[in-house]
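The block underneath contains the structure these notes are about, expressed in C-alpha coordinates.
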Amino acid sequence: KSATSFGKLTRPKYLKGTAADAWKKYIEPAGWLDASREPSAIVFCELWQEFVLSPTKFPASRLGQLRAYMSELGLTDERNRALDDGDKEKDEHFD
(Lines give C-alpha, C1' and ligand atoms only; values in the text may rest on other atoms or scores of the structure.)
Protein backbone atom coordinates (compact mmCIF):
# COMPACT_ATOMS: atom_id res chain seq x y z
CA LYS A 1 0.00 0.00 0.00
CA SER A 2 2.68 2.51 0.99
CA ALA A 3 4.65 1.91 -2.21
CA THR A 4 1.64 3.00 -4.26
CA SER A 5 0.87 5.91 -1.94
CA PHE A 6 4.40 7.32 -1.66
CA GLY A 7 6.02 5.97 -4.80
CA LYS A 8 9.36 4.37 -5.48
CA LEU A 9 12.44 5.42 -3.56
CA THR A 10 14.99 6.96 -5.92
CA ARG A 11 18.49 8.23 -5.24
CA PRO A 12 18.81 12.02 -5.27
CA LYS A 13 21.16 13.24 -8.01
CA TYR A 14 23.23 15.31 -5.56
CA LEU A 15 24.28 12.20 -3.60
CA LYS A 16 27.85 11.53 -4.76
CA GLY A 17 30.92 9.53 -3.82
CA THR A 18 30.79 7.21 -0.85
CA ALA A 19 27.23 8.32 -0.05
CA ALA A 20 26.09 7.22 -3.52
CA ASP A 21 27.96 3.95 -3.06
CA ALA A 22 26.12 3.37 0.23
CA TRP A 23 22.81 4.01 -1.55
CA LYS A 24 23.66 1.40 -4.18
CA LYS A 25 24.88 -1.13 -1.63
CA TYR A 26 22.28 -0.74 1.13
CA ILE A 27 19.23 1.22 -0.04
CA GLU A 28 18.66 -0.03 -3.60
CA PRO A 29 18.47 -3.72 -2.60
CA ALA A 30 16.01 -2.87 0.21
CA GLY A 31 12.84 -3.45 -1.79
CA TRP A 32 10.63 -2.84 1.23
CA LEU A 33 11.53 0.87 1.30
CA ASP A 34 9.33 3.46 -0.41
CA ALA A 35 9.66 7.22 -0.94
CA SER A 36 8.36 7.94 2.57
CA ARG A 37 11.76 6.75 3.83
CA GLU A 38 13.75 9.05 1.55
CA PRO A 39 14.88 11.51 4.26
CA SER A 40 16.10 8.69 6.49
CA ALA A 41 17.85 6.96 3.60
CA ILE A 42 19.64 10.16 2.59
CA VAL A 43 20.82 10.91 6.13
CA PHE A 44 21.97 7.30 6.56
CA CYS A 45 24.06 7.52 3.38
CA GLU A 46 25.58 10.86 4.38
CA LEU A 47 26.44 9.55 7.86
CA TRP A 48 27.91 6.41 6.31
CA GLN A 49 30.12 8.57 4.10
CA GLU A 50 31.38 10.52 7.13
CA PHE A 51 32.13 7.26 8.93
CA VAL A 52 33.97 5.65 6.01
CA LEU A 53 36.05 8.73 5.23
CA SER A 54 37.19 9.30 8.82
CA PRO A 55 36.23 6.52 11.25
CA THR A 56 38.59 7.69 14.01
CA LYS A 57 37.01 11.15 14.02
CA PHE A 58 33.44 9.83 13.94
CA PRO A 59 32.00 10.54 17.42
CA ALA A 60 29.98 7.99 19.35
CA SER A 61 26.90 10.21 19.17
CA ARG A 62 27.00 10.10 15.35
CA LEU A 63 27.56 6.34 15.45
CA GLY A 64 24.40 6.05 17.56
CA GLN A 65 22.51 8.04 14.92
CA LEU A 66 23.90 5.86 12.14
CA ARG A 67 22.81 2.71 13.95
CA ALA A 68 19.35 4.15 14.59
CA TYR A 69 18.87 4.98 10.91
CA MET A 70 20.04 1.51 9.91
CA SER A 71 17.49 -0.02 12.25
CA GLU A 72 14.71 2.33 11.17
CA LEU A 73 15.34 1.46 7.53
CA GLY A 74 15.27 -2.26 8.32
CA LEU A 75 18.92 -2.75 7.40
CA THR A 76 19.84 -4.38 10.71
CA ASP A 77 16.46 -5.20 12.22
CA GLU A 78 14.12 -7.35 10.17
CA ARG A 79 11.17 -6.33 12.35
CA ASN A 80 11.29 -2.89 10.70
CA ARG A 81 10.96 -4.28 7.18
CA ALA A 82 7.52 -3.80 5.69
CA LEU A 83 6.46 -7.10 4.17
CA ASP A 84 3.30 -8.28 2.46
CA ASP A 85 1.07 -10.25 4.81
CA GLY A 86 1.66 -13.30 2.63
CA ASP A 87 5.39 -13.10 3.40
CA LYS A 88 4.82 -12.59 7.10
CA GLU A 89 5.61 -15.52 9.33
CA LYS A 90 2.60 -16.51 11.43
CA ASP A 91 2.89 -16.44 15.21
CA GLU A 92 1.15 -19.39 16.80
CA HIS A 93 0.04 -17.30 19.79
CA PHE A 94 -1.22 -14.16 18.04
CA ASP A 95 -2.27 -15.15 14.49
As a test question: what accessible area, to the nearest 10 Å², does Lys24 have when a 1.4 Å probe is rolled over all protein chains in place?
110 Å²
Report the label-to-label distance for Lys57 and Phe6 in nanometres (one decimal), using points 7 Å from each Cα along the Cα→Cβ vector.
3.3 nm
Under the rule rounded for a/c under 1.5, else prolate if a/b exceeds b/c, else oblate, using alpha carbon gyration tensor axes a ≥ b ≥ c, segment 10-78 is classed as oblate
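Can you sort Phe44, Phe58, Phe51, Phe6 by 1.4 Å-probe accessible area, starting with the largest? Before the final figure, lay out each step's value.
Working: Phe44 0, Phe58 25, Phe51 65, Phe6 120 Å².
Greatest to least solvent exposure: Phe6, Phe51, Phe58, Phe44.
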Give me the accessible area of Tyr14, 1.4 Å probe, in Å² rounded to the nearest 10.
140 Å²
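The values are calculated or read from the model by the stated rules, or taken from the named source; none is laboratory data. None of the values given here were measured: they were computed from a predicted structure. Heads up, the Cβs are rebuilt from the backbone with ideal geometry, glycines too, and the neighbour counts pull from every protein chain shown. The accessibility values were calculated without ligands, DNA or RNA, using every heavy atom of the protein model including side chains. Shrake-Rupley method; radii C 1.70, N 1.55, O 1.52, S 1.80 Å.
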